[in-house]
Amino acid sequence: ESPPPKLELVFIPFLASGHMIPMVDMARLFASHGVAVTIITTTHNSLIFKNAIDRDIKSGKPIKLHVLPFPFAEVGLPEGLEKMNSVTSQGQKQKLYQATMLLKKPIQQMLLDHIPDCIVSDMFYPWTVDFAAELGIPRIVFQGSSYFALCAQYSMRHYAPCENVTSDMELFVVPGLPDRVELTRLQVPDHDRTKNELTAILDVIREAELRSFGVLMNSFYELEPSYVNHFRNVIGIKTWNIGPVSLCLSTNDKYERGHNSVVDPHECLSWLDSMKPNSVLYVSFGSQHKFPPPQLYEIATALEASNHPFIWVIHNEETIDGGDEAWLPNGFKSRVNGMIIRGWAPQVLILEHVAIGGFMTHCGWNSILESVTAGVPLIAWPLYAEQFYNEKLVTQVAKIGVGVGAEKWLNLLEDDGKVVVKKKKIEKAVIRLMDGGDEAKEIRERTKELGRKAMKVVEVGGSSYNDLISLIGELVLLRESRIN
Ligand code: UDP
């Protein structure tokens, strides 16, 4: 039998927007290099990416979706709730995790029916490492965070510095990192401070990572060089950087990336066209977080007081009581020069517009990277997950933004509904970045410089381009040695 004509990769993304979006972009990037790619997803999630994949197929790229039915009945979730962003309670979240475990069997069956050359698996499917070994093929892990966060997390768990501080608010230096980075105990994720359920899951994920062929990162060398080196050479894990993956998107892709935009993107862009360069603040907290109405009120009053035009994305439309915008100050809309988007926004398109001068973000890694790529400096307002680590990259290491002064890593069960940052602090941070003092100018210039570098790394000969090509080369060699 002659070898298959193309290298074949199967992508298995986790069912959350922040994971699916970059992984689908990555899959499409491989396909644009002639690698045959199959993305495994579920019925409703597949609809999100269908148009983009159809466009790829039309233009001759070797890519397809493999759609599995989601086990609603088995876990007791209402039909249609197929990703982390759509579930509304902790109980539903757990059911969704359970459902992802139930997908293991059909995924294994599919892979047995047709064995690919490599599995690219989200970190949340550690079982794929043993299965890939059984099939005799490499497994690559997709890690959706920054190198910086991975290194910080490693240090926190390896050196346990929290044990030596006497109060929650005392600043301490994170040991073993290339730069001096300071945190307080309150900002450290629960699972990196004390052993809990998630610590155990993360141990399994880490162990699977160590036994994998390597880790695929949506980052680029020039953004966090010391941490790429630290992760590769000190922690000792092989990686490839192929980001920023959003740079491989067409304009059509950007209209509906990850979801259909709830606003007409043209309307949004023509509003931005009427604004001065670098004058508009974009405010958005990712695909999952829903602030309670009192916190929305603090944000609204801060935006009004800071007096800069803004686009503010709010994702909790269904949970806000009191009807339409009862949580806004009286007359807010008539007084401010801003646009509120209630639901999914075309984020990359917005960030790329010259009028955008700042991004107030929860420090999700995709958001940070998309902002840097567009040369937009940040106002960092971390909430949970690895976001407080990312904040330190933004404010202390890369120095591409200012902090809003968030003090505490949020435990969603305990802290739900609380106001975490007051108006005064929010207003101060907006003014600090947007009013253009010397510090803000330096921050802006540094971010724009990184944005220019980002454009270069994905071009022929750039660092991310080279990593992609060398990974493809390695996988081809592995396939040949397997076949012969
Ligand atoms: N996103 C978007 N529109 C929205 C909200 C989010 O396009 O209204 C995209 C955003 O561009 C990014 C992803 O969703 O690619 C969010 O990922 P991130 O890591 O920033 O945060 P998460 O949602 O995982 O907390």
**Prompt:** So, in nm, how far is label Leu477 from label Lys399 when the simple model puts each one 7 Å beyond its Cα toward the Cβ?
**Reply:** 4.0 nm
**Ranked packing of 366-377, 94-105, 30-41, most packed first, by mean Cβ within 10 Å** = 366-377, 30-41, 94-105
**Per-residue Cβ neighbour rank within 10 angstrom, fewest leading, Arg206, Arg180** = Arg180, Arg206
**Message:** Under 21 Å between alpha carbons, and skipping anything fewer than 8 positions from Lys104 in its own chain: which lysines qualify?
**Reply:** Lys64, Lys83, Lys93, Lys95
**Asked** Which aspartates and glutamates does Lys276 reach when only Cα atoms under 19 Å apart count, and residues fewer than 8 places away in its own chain are ignored?
**Response** Glu267, Glu304, Glu352, Asp435, Glu445
**Message:** Going Cα to Cα from Lys453, which lysines come in below 17 Å? Please leave out same-chain ones fewer than 8 positions away.
**Reply:** Lys399
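May I ask what percent, to the nearest 5, of DSSP beta bridges between residues of the chain are antiparallel?
On the way: 3 of 47 bridges.
So the antiparallel bridges amount to about 5 percent of the total.
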**Prompt:** How far is it, in nm, from the label point at Glu445 to the one at Asp273 when both lie 7 Å from their Cα along the line to the Cβ?
**Reply:** 3.3 nm
**Message:** Can you give me the C-alpha center-to-center distance between region 438-474 and region 212-275, rounded to a whole angstrom?
**Reply:** 11 Å
**Prompt:** Normalised by the number of residues in the chain, what is the relative contact order in percent for Cα pairs under 8 Å and 6+ residues apart?
**Reply:** 14 percent
**Fill in**
With label points set 7 Å from each Cα along the Cα-to-Cβ direction at Val419 and Arg232, the distance between them in nm comes to 4.8 nm
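Using only Cα atoms, what is the ratio of the radius of gyration of region 204-284 to 2.2 N^0.38 Å?
On the way: Rg = 18.8 Å, N = 81, 2.2 N^0.38 = 11.7 Å.
Compactness ratio reported: 1.61.
If the chain were replaced by its equivalent ellipsoid, with semi-axes equal to the square roots of 5 times the Cα gyration tensor eigenvalues, what would those be, largest first, whole Å? Write down the numbers at each step before the final one.
Numbers: eigenvalues 246, 129, 112 Å².
Result for the chain: semi-axes of 35, 25, 24 Å.
Taking the number of other C-beta atoms within 10 Å as the exposure measure, put Glu207, Glu304 in order starting with the fewest.
Least crowded to most crowded, the residues run Glu207, Glu304.
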**Item:** Where the Cα pairs of region 34-139 fall when distances are cut into 10 Å bins, in %
**Value:** 13, 40, 35, 12, 0
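On a 22 Å Cα-Cα criterion, which of the cross-link pairs Lys423/Lys448; Lys50/Lys254; Lys254/Lys423; Lys254/Lys456 come out too long?
Numbers: Lys423/Lys448 28 Å; Lys50/Lys254 14 Å; Lys254/Lys423 32 Å; Lys254/Lys456 20 Å.
Distance filter (> 22 Å) returns Lys423/Lys448; Lys254/Lys423.
The numbers here are math on the coordinates, done by the rules we state, and not lab data. The shown structure was predicted, so the numbers you read here are calculated from the model rather than taken from an experiment. Don't worry about glycine lacking a Cβ; one is built from the backbone with ideal geometry, like all the others, and counts go over all protein chains shown.
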